[in-house]
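Student: Can you keep this structure in mind? I'll have questions shortly.
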Amino acid sequence: MKKTLYCCLAGTLLLAALPLLLSQGLLNAAIQMLIAALFASAYNLLCGQAGMLSFGHAAYFGVGAFATVHAMNAIGGTGLLPTPLMPLAGAVGGLLFGGIAGWFATQRSGTYFAMITLAIAELVHSLAPHLKTIFGGEAGISTMRMPALGLNFGSTTQVYYLTLVWVVVAMALLYLYTRTPLGRLTLGLRENRHRLQFLGYNVHGLSTLVFAISAMFSGIAGGLQVLSNESANYVVFDPSLSAAAVLNTYIGGVQVFLGPAFGAALMTFFGYAISDLTRSWLLYQGILFVLVMMFMPTGLSGLIAIAARLCTRHGLGRVLPVFLLAVASVMLAASGLAFTIELLQRLFSQEYRSLLQTHPDAAWPAVMLLDQPWRPGAPLTWSVPALLLAASLWCYRLCRRRLQMLCVYDEQMAMTAPVTIQHGEDAA
Amino acid sequence: MEQFLFSLMNGVIYGLLLFMVSAGLTLIFGMMGVLNFAHASFYMLGAYFAYTLQGMLGFWLAVIVSPLLVGLIGVVVERYFLRRVHRHGHAHELLLTFGLSFIIAESIKLFYGNYPVDYRMPPSLDFAAFSMGATQYPAYRLLMGGIAIAMFIVIYLLLTRTRVGIVVRSAIHRPSMAEALGHNVPLVFMGVFGAGAALAGLAGAVAGAFYTTNPNMALELGVMVFVVVVVGGLGSLVGAMLASLLIGIMTSMAVAVDSSLADLLALFGAGEWARNVGGLMTLNLSSLAATLPFALMLLILLVRPGGLMGEKG
């Protein structure tokens, strides 16, 4: 317990030191990562802990964003609600809207619940462009971070610290929530609804409350987004944002508290880092998600937990080759896949096709990838990804055999251990 | 009057199209308990396959071959993806199909680009069936409606009148009993999944030529199909038909109505007040057309949570 606390403190300190280490652009990405992490954690309260799969969480994020933008314009950072406290407006907005939507959605559970949340999100998404007074139409609503408490919030660094404080406080609250009796009941909602009902709890009221709390924290994330962008547009209601929450949360792993935050931060970072290198980032994200769902339902954080368990059981020295092989296999597979996708993307792109149409008789021209020309007809072009994938498969096989050997060795040790004791007794 | 009749017919045809997609979805759900998020993606794949094959095989052959290809993909998805995660529960399966729908949409963007493709019906089908007053009614719409109705009749007869239908229905209600009696239930599941995907593919191949074929068509239709399935009652074919028609007619009629809540309240003398309130009150019904189905769905869930033809509760 104490160790975890120290780890969290160290992590927070590291995050606080980031502005000294990073450039402005990366700091902006860090703000987005923090917001995404909070949003995913809020979402995880609903889907991971309460077992209610929502496909429309962008609605609460968006409502929080617009509540904040209106509050900022109305109050202007003066009086009792200075600029740093503005996400509170988002929290209230999220809580209220989440309460209403949650009352509808939690009438049913399981698949029906998922569809209702989707429908509510689409309802808002289709309505928002028409309500110009509230959502500002195409242009959206813009606002200003007014100076307050001696700070002017002009630099990215100040916004970063503001976001960091909010995210850390909100995450701490979310964590403390899991330790309360209500937090335990939330797990009960996931495990056995009927039993809770039988024990005399008001299950519908409880589900609505959990839904509203999750929506409240999503609203805070939306408010932080507005604080960082100084504007809000109805694009925040887009289904792709809800989809991102689902993907990030499950890629990170729903069973560990920090899993979704980890997944969201990782995915947002990659989205930022890779966005100018590839046009198919969403495709990679989708493939990663499907792989996680099929082969490691506990997500990336679950994978880390498995690795840690292997370490303690067999010792780092003996597990290290297995890890190295696994990492090599994953890297080879990823590069092979990425190579294929990028090659296909270039071959099917509009530019390439129009190039083909202008010279219909000539051989297919080469495409540039990694600063090298690759001819689509040449066997070398396609043997590179094939070789990479084959090497990955070979590494995987090797890794698996080593792992099996470790387990077999352990079993043998366990079998031989009692035998030696018996010999001792015989001798006695 | 003409306009009323035309928008009524448009609504019916759109409803029939919705039915073509939701029929497969509701059958799959009734049988396996899996809500297939990728179902509307199969619809999109049908349209894109038909577009690709049209150049090689001609329109009609493309419309026949592309659903078969989509059905094959459906079989692969069931056999190699869904069956693997079955033991993790239905939520997991739902998430997996969600991820697959993501991959399909992004792959379409990769291969065909993120813009509508030029998939059209052949000129031989591009004529007016009849005209009323000054407006003409395209024959292709009638053809789409005819295909959907024929499909409904075929599925209905197949399920109620044939031996295969009996096995499928028994596998829906009591899978373990059907298995104990010697029927290959996993094979039936795979077949139903493939057939459902093929139906969605057929709908896409036919409708894609009339409406636009773009990478967002799956999302646009998919949400509407979910609404249909919830309103009609999960697992009910007749309910899906009713709900599709209801939603189709409702949206197409709403587009033609150019009045708002304020106009309605004006009948009671509160028009001035409503206009001052603004917001929702002064919004024209025509611009709310896309929103109405979702409102209907929430209403149904409140009044009759099981859907129109679904079981209670």
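Student: For region A:180-186, in order, what is each residue's ³J(HN,Hα) by Karplus, 6.51 cos²θ - 1.76 cosθ + 1.60 with θ = phi - 60°, in whole Hz (x at glycine and Pro)?
Tutor: Using θ = phi - 60°, the values come out as 7, x, 4, x, 5, 5, 4 Hz.
Student: Quick one: which residues, 5+ away or cross-chain, put their amide H under 5 Å from the amide H of B:Phe37? H built at 1.01 Å from N.
Tutor: Result for B:Phe37 returns B:Thr97, B:Phe98.
Student: Continuing with the same structure: Would you list A:Leu18, B:Leu234, A:Leu224 from fewest to most Cβ contacts within 10 Å?
Tutor: A:Leu18, B:Leu234, A:Leu224
Student: Give the long-range amide H neighbours of A:Leu369: residues separated by 5 or more places, or on another chain, with amide H under 5 Å away, using H modelled in the peptide plane at 1.01 Å from N.
Tutor: A:Trp374
Student: May I pose another question? From the phi angles alone, apply the Karplus equation (6.51, -1.76, 1.60; θ = phi - 60°) to region A:24-39 and give each ³J(HN,Hα) in whole Hz, x where the residue is Gly or Pro.
Tutor: 4, x, 5, 5, 4, 4, 5, 4, 4, 5, 4, 5, 4, 5, 5, 4
Student: How large is ³J(HN,Hα) for each residue in region A:239-252, as worked out from phi by the Karplus curve 6.51 cos²θ - 1.76 cosθ + 1.60 (θ = phi - 60°), to whole Hz, x for Gly and Pro?
Tutor: x, 5, 6, 4, 4, 4, 4, 4, 4, 4, 4, 6, 5, x
Student: With 10 angstrom as the radius, rank A:Met413, B:Met309, A:Met33 by how many other C-beta atoms surround their C-beta, starting from the fewest.
Tutor: Taking fewest neighbouring Cβ atoms as first place, the list is A:Met413, B:Met309, A:Met33.
Student: Now for a separate question. Can you put A:Tyr175, B:Tyr80 in order, fewest other beta carbons within 10 Å first?
Tutor: Lowest to highest Cβ neighbour count: B:Tyr80, A:Tyr175.
Student: Non-local amide H neighbours of A:Met52 (under 5 Å, H modeled in plane, Pro and chain starts lacking H): which ones?
Tutor: Amide H neighbours of A:Met52, under 5 Å, 5+ apart: A:Cys47.
Student: Follow-up question, since we're still on this one. Just check the protein assembly as shown against the gyration tensor rule for me: Cα atoms, a ≥ b ≥ c as the square roots of the eigenvalues, rounded for a/c under 1.5, and otherwise prolate or oblate depending on whether a/b exceeds b/c.
Tutor: rounded
Student: Shielding by partners for B:83-96, please: the mean number of other protein chain Cβ atoms within 10 Å of each residue's Cβ.
Tutor: The per-residue average across the peptide is 4.
Every number in this text was worked out from the coordinates using simple rules, so none of it is lab data. Note that the coordinates shown come from a computational prediction; the quantities given were computed from them, not determined experimentally. Using ideal geometry, Cβ is built from the backbone for each residue, glycine included, and neighbour counts are taken over all protein chains shown.
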